[in-house]
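Following: one structure in structure tokens, then a few remarks.
Just so it is clear, none of the values below were taken in a lab; they were calculated from the coordinates. Owing to the predicted nature of the structure, the values given are computational and were not obtained by experimental measurement. Reconstructed Cβ throughout: ideal geometry from the backbone, glycine too, with neighbour counts over all protein chains shown.
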Amino acid sequence: MKNSILSTQPLSTDLAALLLRLIVGGLFIYHGYGKLANYETMLQMFTDIIGIGVKPTVILVIFAEFFCGIFVVLGLFTRLSIIPIFITMIVAFFIAHAKDPFQNKELAFAYLLLSIVIFVLGSGRFSLDAAFRKK
């Protein structure tokens, strides 16, 4: 009964890693692109919540969400690329939305947890990391 629907064994951890990377990375690209395309508006909306200034904060968020999101989708430096996303979600959940009700910050919490799973799981066989490792 290996690899059947009723089995407790994973059907394919590599396929699961790919799907997880595509979904989570794609969502971060989407959110990051919105911030990148509306950079000036983001400067008005963000506050200096971590003490480095508004402009560096927005730039770091765009880097984490958009550029690291691209790396996660591609499976390139996946574990390193997920770290800025993880940090961004920690700041979003515990600092930026600390006083908000859980409904307002549950997306940041979900992304925070998913980034941990991606870090632990790695990029899998269907990634640029794996392709470069073979060479």
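Looking only at the stretch 40-54, residues that are at negative phi and either under 21 Å from the mean Cα position of the chain (by Cα) or not in a helix (DSSP H, G or I) (or both) come to 7 in all.
Condition (residue is surrounded by fewer than 16 Cβ atoms within 10 Å (Cβ to Cβ), hydrophobic (A, V, I, L, M, F, W, C), under 19 Å from the mean Cα position of the chain (by Cα) and under 26 Å from LEU22 (Cα atoms)) applied to the stretch 72-79: is it met by at least one residue? Step through it out loud before you land on a result.
Narrowing the stretch 72-79 to residues surrounded by fewer than 16 Cβ atoms within 10 Å (Cβ to Cβ): 79.
Of the ones still in play, those that are also hydrophobic (A, V, I, L, M, F, W, C) are none.
Within the stretch 72-79, none of the residues are surrounded by fewer than 16 Cβ atoms within 10 Å (Cβ to Cβ), hydrophobic (A, V, I, L, M, F, W, C), under 19 Å from the mean Cα position of the chain (by Cα) and under 26 Å from LEU22 (Cα atoms).
Can you tell me which residues in the stretch 80-101 are over 10 Å from the mean Cα position of the chain (by Cα), surrounded by fewer than 17 Cβ atoms within 10 Å (Cβ to Cβ), free of Cβ contacts under 8 Å to residues at least 40 places away in the same chain and assigned to a helix (DSSP H, G or I)? Once the filter is applied, which keeps residues that are over 10 Å from the mean Cα position of the chain (by Cα), surrounded by fewer than 17 Cβ atoms within 10 Å (Cβ to Cβ), free of Cβ contacts under 8 Å to residues at least 40 places away in the same chain and assigned to a helix (DSSP H, G or I), the stretch 80-101 yields LEU80, ILE90, PHE94.
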